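Comments concern the structure below.
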Amino acid sequence: MPLPYRVLAVHQDTLDVVTLDLEPVGAAIPEPKPGQFTMLYAFGVGEAPISVSGAPVNGAPLVHTVRGVGAVSNAITRLHPGQELGVRGPYGTAWPVEEADSHDILFVAGGLGLAPLRPAVRHVLANRDRYGRVSLLYGTRGPEDMLYREELTEWRRMLDVEIEVTVDHADRTWRGAVGVVTNLIPRAGFDPAHTTAMVCGPEVMMRFSIMGLQGAGLPFDRTYLSLERSMKCGMGLCGRCQFGADFVCKEGAVMRYDRIAHIFTVREI
Ligand SMILES: Cc1cc2nc3c(=O)[nH]c(=O)nc-3n(C[C@H](O)[C@H](O)[C@H](O)COP(=O)(O)OP(=O)(O)OC[C@H]3O[C@@H](n4cnc5c(N)ncnc54)[C@H](O)[C@@H]3O)c2cc1C
Ligand code: FES
């Protein structure tokens, strides 16, 4: 059952993307692991799976970043502080932040894909001494589509983290890299023998990222993706999210690439 949550704050990230800070009205959902998602219920409209983009730890709110694309997501992006929505979960698998202990970490994010990765980035940075080299490669369509600008700037200020940002199309104000995010992979200095990669973004971007990572020598069993499929129940009951033999809501959304490589590039699946 969805639990009622109240909107504490709404941050307009881009024209069609907002980040909502939520607090429980009564009981709270269990603490989500980095990479897990919840089902958000816009009362009277319906539910949508949305990744947790900030975990409610140490008194922080539960955070979700949502792009309005249809009935449910638009209703969620129109919420104001004080209004309520339903939250159930958390569901799905997590980014391998524990398994990757002592590894170099490479995050590759495209567009809204930075939202599901943010809790993993925060976890790695909060436990910085447990990991080797840490790099984040982030690509968006234009400078105006960039999420979490202030936090990206903070991360950039850290001396032991490499943050590279690129845009597909620059405007006059942009002084950074131009081109797709996969162009950054050969430039990111990482040792493929000791690196775990976590990749999230549009499917085409993830396909090219896999090719780039493979070209750089990163094995499939240390490459993780977060998949998106239509969902209804979020808990392995309805079959709506089937991907080959798996249900993405149960065996994903975060999946190790060697387990799905045989079907990931099959268009019909
Ligand atoms: C595990 C998971 C995590 C997600 N995390 C986020 C997130 O953090 N932020 C966010 O904004 N969205 C996220 N999504 C996508 C979000 O769930 C959909 O955009 C939402 O369900 C659309 O519902 P709707 O009723 O608003 O639109 P609909 O009317 O259902 O759809 C509008 C349009 O979006 C397309 N669409 C619907 N669902 C998806 C999908 N899952 N993937 C690609 N296209 C879709 C439809 O084909 C249609 O063209 C996630 C999806 C999954 C499965
Ligand atoms: S959403 Fe129902 S089985 Fe996955």
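Structure data summary
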quantity: Cα long-axis angle, helix 203-215 against the chain (0 to 90 degrees, to the nearest 10); calculated: 30
quantity: In degrees, nearest ten, helix 114-126 long axis to first principal axis of the chain (Cα); calculated: 70
quantity: Fraction of accessible area attributable to carbon and sulfur, the chain (%, probe 1.4 Å); calculated: 52
quantity: Extent along principal axes [Cα atoms of segment 3-91; Å; largest to smallest]; calculated: 30, 26, 24
quantity: Stokes-Einstein D in µm²/s, Kirkwood radius over Cα pairs - segment 104-226 at 10 °C with 1.306 mPa s viscosity; calculated: 110
quantity: Electrostatic dipole magnitude of the chain [Cβ: Lys, Arg +1; Asp, Glu -1; Cα centre; debye, to 20]; calculated: 300
quantity: 5 angstrom amide H check on Val199, placed H, neighbours 5+ away; calculated: Val108, Tyr224, Leu225, Ser226
quantity: Å² of accessible area per residue within the chain, as computed with a 1.4 Å probe and no ligands counted; calculated: 47
quantity: Compactness index (Cα Rg / 2.2 N^0.38 Å), segment 85-126; calculated: 1.35
quantity: 222 nm mean residue ellipticity, helices alone, for the chain (DSSP H n ≥ 4; -39,500 (n - 2.57); rounded to 500); calculated: -5500 deg cm²/dmol
quantity: Over the chain: Rg over Rh, Cα atoms, Kirkwood Rh; calculated: 0.95
quantity: Segment 3-91 - percent relative contact order, Cα under 8 Å, separation 6 or more; calculated: 39
quantity: Residues Asn74 and Asp160, FRET efficiency given R0 of 45 Å [Cβ-Cβ distance, rounded to 0.05]; calculated: 0.65
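The values are calculated or read from the model by the stated rules, or taken from the named source; none is laboratory data. Model, not experiment: these values are computed from the prediction. Cβ atoms come from the backbone with ideal geometry, glycine included; neighbour counts cover every protein chain shown. Keep in mind that these areas ignore ligands, DNA and RNA; they rest on the heavy atoms of the full protein, side chains included. Shrake-Rupley method; radii C 1.70, N 1.55, O 1.52, S 1.80 Å.
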